[in-house]
């Protein structure tokens, strides 16, 4: 009987979903899942994926097809599979643009911009928000401020709303914690914890934030309990990002308590899942740039079709030739401009490679630790930057924290606020600056293979070096070197 049920249940579930699809009007498929915070989307993203994939295979209507891709993107997003979510949302976005469906362009861009923000590609999301300033985008605007470290404006954005949904309340509680408004954070999180009709995705986040609250309050027993609860809920939906956060928080807590065995246990799990997430991050960065190019191409294609009808094939071909020539010329000029700007920036940074004590003091704006201690850590961090220790492939947040006589939580917080980036980006940029200095000061480096440059600058692979180089400079190492050679002739 159980075997029959296990085989029959997926088909019955899909059939019921198909009935819902046929009987619902445009837009109701998405809203059915997105607006119900206890829906299957937030409790079991994998089942939602099954539903969405069935709808995609069986849809005979373009609008329903796009909606189904957006539903699939949301299922992957709330399941922590951001690379798949990006592919789904990009597909929906492209199809919506071709179909001139403004509503679904907006819905697909909401998912895309969530992913842009999560991977700190804030220029893309900033452009979207400038053109789409509406009340329903408040969560995106608040997160935009959050990732920039502007907690004041992030709080203001959410508090100006008349009512907040569950996700917005979670973001608000996170902002209260970051702003050290612990009473408000605890009150809001306690209210959210009492809600019964919310999915496992939100339960995981609530418990992890409560764990953070108790950790900051030095109530370690309660912190462990909530971190463990959050981990359980995260595992229920197999959300790798939330699982990683739980491992990191538990490792940090046990490190602070000098519990070496537990720290090693959770730190190993954190390192393992972080390696996988790093690979996904590199894939996402490449996919985002590919999608942006495809969007430009899609819009251009629509314009060209109209132009071809009006102007004829011969004129269109001529314009295309001129367009290609102009793009190549501008690209060459742009590459030259970028290289010169980077060289000038390196020269300036070499002149001013240390902060004065007064400048460091002026940057201290937190009550998390004493100003004197934070200033000391920041000075040590600046001294660390003058060494080449960041070139080691074994460099980690924990290792540097140990060398600077502090803990990972304080060091991570200082890097986030003063360097305005996360730890991985911070280390990668130091490595890229190092190799840029070599390329611009020693002509021998212009003849080395990219793999050698990656190895010398501490990167574990050719692809991770190229990705970090492009992220920092806006161009690839190959183009950068070619442009330097051209400017020196």
* Of all residues in the range 407-432, count the ones that are modelled with pLDDT of 90 or more, outside any helix (DSSP H, G or I) and over 17 Å from the mean Cα position of the chain (by Cα). => 1
* Residues 427, 450, 481: which one is closer than 24 Å to residue 148 by Cα and touching a residue at least 12 places away in the same chain (Cβ under 8 Å)? -> 427
* Asked: Residue check: is residue 440 surrounded by fewer than 21 Cβ atoms within 10 Å (Cβ to Cβ), at pLDDT 90 or above and assigned to a helix (DSSP H, G or I)?
  -> no
* Asked: Do we have residue 239 as modelled with pLDDT under 95 and surrounded by 21 or more Cβ atoms within 10 Å (Cβ to Cβ) here?
  -> yes
* To do: Starting from residues that are more than 10 Å from the chain's Cα centre (by Cα) and closer than 11 Å to residue 143 by Cβ, keep the ones in the range 101-129 and report whichever is surrounded by the fewest Cβ atoms within 10 Å (Cβ to Cβ).
  => 129
* Kindly indicate whether residue 98 is touching a residue at least 12 places away in the same chain (Cβ under 8 Å) and crowded, with 22+ Cβ neighbours inside 10 Å. => no
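The values are calculated or read from the model by the stated rules, or taken from the named source; none is laboratory data. On a predicted model such as this, the values are computed, not experimentally measured, just so you know. Please note: Cβ atoms are built from the backbone with ideal geometry, for glycine as well, and neighbour counts cover all protein chains shown.
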